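K.L.:
Before I ask anything, here is the structure I am working with.
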Amino acid sequence: MNPIAIRLLNQQLAAPQYSDPAEVVNYMGAMQAQEYRMMRWAVAMRTRPLSTMALTYGRTCSRSAELEQAPLRSRSIAAFKRAFNSGRIIRLHLMRGTWQLVSAEDYWMMIGLCAPKAIAVTKGWMSSNKITIPDKELMHIRDILAQKAADLGSATKEDFVHALAEKNIKMDDHRLSYHIRMAEMSGILCSGDLLPLKSACKPDQCGACSDAAERKQLRTSLKATYALTANKVKPMAQMDRDEALLHFTRKYFRSRQPATLEDFVWWSGLNISDCRKGIALMGDTIHVEKWKGRELHSASPLTLGHRQANLQGSRSFTEFYLTDECRTRGFRKGKFLLIPPYDEYLISYKSRDIVLPPEHRHHAHNNSGIFQPVIAYDGTICGNWSPYRDDCQATFFTSSFSQQDISEAWQAYKDYRDK
């Protein structure tokens with residue numbers, strides 16, 4: 001088993017299968033979305049380029065109308081914006097209490113399955129910050145926020161501040177942030193439209209904005225907005241908990257395999273008992289493999305899953321789960337990837353040392369959970385890059401690589417950013 005190649009393929013970072021940003025998010029289940037600009041690149045990296053997709057359309061379709069729709073699902077900032085603003089991609093605080101992208105199809109399932117634990121985690125953070133929000137206050141503020149979001153369609157935090165002020169309610173930014181987050185995890189608020197911090201044109205000229213001006217806006221920092229979920233996401237038939245857990249587990253292992261039970265527990269934020277049950281519900285569609293290149297000197301019950309580890313210091317192999325849908329073909333050597341901070345390629349796992357040499361871990365993330373943009377060569381993390389510069393800026397952990405080596409990868413990123 002080559003776990004690095006398999007992860008690249010099943011994470012859609014090698015030979016991607018999907019041409020639509022919303023399909024990518026749906027396949028991944030959830031994608032951490034800490035920063036607006038980088039979350040779009042994380043999706044784009046996993047989206048099949050327009051040229052490949054257009055060729056496919058050309059071979060399978062003859063109608064010009066279908067061909068005209070091809071660019072709408074291209075690997076571009078504008079394609080992501082359309083999927084996001086239309087509500088096919090949703091951004092909200094959910095698993096581990098962090099920002100996530102989920103598909104509209106999975107939204108209600110995710111809320112039902114993950115929100116209770118996420119709410120408990122958030123309340124723990126509130127307690128550590130000595131913030132207490134009574135239920136009566138929570139419901140009252142939630143109603144005000146929901147009404148403002150319904151009135152405006154896409155409301156900013158500043159809009160919420162004004163709405164509260166109209167009711168003679170003042171609160172600090174930290175407390176308001178918790179109110180917004182709790183409304184998100186309760187399924188009341190979700191992401192609104194993508195709005196730039198500053199408009200590149202005057203309001204009465206917006207209809208004449210050039211595509212170039214819009215692209216420039218979309219490349220700059222964007223302001224978080226919130227919509228009333230009922231107006232953004234269609235209601236879905238409710239899944240029972242086991243059905244939702246099976247669906248959730250399958251999505252994780254299909255898109256992150258090979259992965260361990262410990263990886264799944266970390267990523268999902270669910271209890272270990274729920275994670276074990278999800279794996280059990282998959283039945284014979286999932287199986288265990290041991291990668292002999294990775295040994296543990298102290299076995300743990302969490303890593304070993306159902307087996308009890310009672311011998312400290314015993315030698316054992318890490319157990320990885322693979323599904324029957326596992327992709328194993330399509331990996332090609334010699335490719336650099338410019339990976340954004342908080343990308344699922346690292347943050348999906350506890351077993352990051354498979355792709356990240358332990359001696360270089362501090363270059364990729366710190367112990368406080370801050371992740372940096374990194375460079376991967378054939379899937380192994382080998383350096384850092386600067387996504388916000390106009391020119392290519394990179395540093396490598398060893399002298400084996402130079403900045404010139406990533407020129408093709410940088411051009412692909414630049415082409416995407418400038419589309």
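FYI, it's all coordinate maths here, none of it is from the lab. Just so it is clear, the model here is predicted, and its values are computed rather than measured. Here the Cβ is made from the backbone with ideal geometry for all residues, glycine too, and neighbour counts use every protein chain on show.
K.L.:
Sorted by packing (mean other beta-carbon atoms within 10 Å per residue), highest first, where do 123-131, 85-93, 354-362 land?
P.N.:
The most tightly packed comes first, giving 85-93, 354-362, 123-131.
K.L.:
Next question, about the same structure. Given a Förster distance of 30 angstrom, what is the FRET efficiency for Ala165 paired with Asn271, based on the Cβ-Cβ distance and rounded to 0.05?
P.N.:
Values: r = 41 Å, r/R0 = 1.36.
Rounded to the nearest 0.05, the efficiency is 0.15.
K.L.:
Continuing with the same structure: Taking the mean number of other Cβ atoms within 10 Å as a proxy for protection, how do you rank 276-284, 36-44 from highest to lowest? Walk me through the intermediate numbers first.
P.N.:
Details: 276-284: 16.0, 36-44: 22.8.
Most protected by this proxy first, the peptides run 36-44, 276-284.
K.L.:
If you don't mind, another one. Which value in nm describes the separation of the simple spin-label points at Glu325 and Asp151, placed 7 Å from the Cα toward the beta carbon?
P.N.:
4.4 nm
K.L.:
What number comes out for the charge environment of Thr156, summing +1 per Lys or Arg and -1 per Asp or Glu over other residues with Cβ under 12 Å away?
P.N.:
Computed value for this residue: 0.
K.L.:
Once R0 is set to 41 Å, what does the formula 1/(1 + (r/R0)^6) return for the Cβ-Cβ distance between Ala237 and Asp391, expressed as a FRET efficiency to the nearest 0.05? Don't skip to the end; give the middle numbers.
P.N.:
Numbers: r = 51 Å, r/R0 = 1.24.
Between Ala237 and Asp391 the formula returns 0.20.
K.L.:
Add +1 for every Lys or Arg and -1 for every Asp or Glu among the other residues with Cβ under 10 Å from the Cβ of Phe84, and state the total. Can you show the working numbers first?
P.N.:
Values: positive: Arg40, Lys81, Arg82, Arg88, Arg91; negative: Asp193.
Counting the neighbours of Phe84, the net charge comes to +4.
K.L.:
Further, regarding this structure: A 27 angstrom limit on the alpha carbon distance is what I want to check against. Which of Lys81/Lys148; Lys234/Lys350; Lys130/Lys277 exceed it? Let's see the in-between values first.
P.N.:
Values: Lys81/Lys148 23 Å; Lys234/Lys350 34 Å; Lys130/Lys277 35 Å.
With Cα atoms farther than 27 Å apart: Lys234/Lys350; Lys130/Lys277.
K.L.:
How do Phe331, Phe84 line up, fewest other C-beta atoms within 10 Å first? Please list the in-between numbers first.
P.N.:
Working: Phe331 19, Phe84 24.
Ranked by crowding around the Cβ, least crowded first: Phe331, Phe84.
K.L.:
At Arg332 and Ser127, where each label point lies 7 Å from the Cα along Cα→Cβ, what is the point-to-point distance in nanometres?
P.N.:
It works out to 5.4 nm between the two label points.
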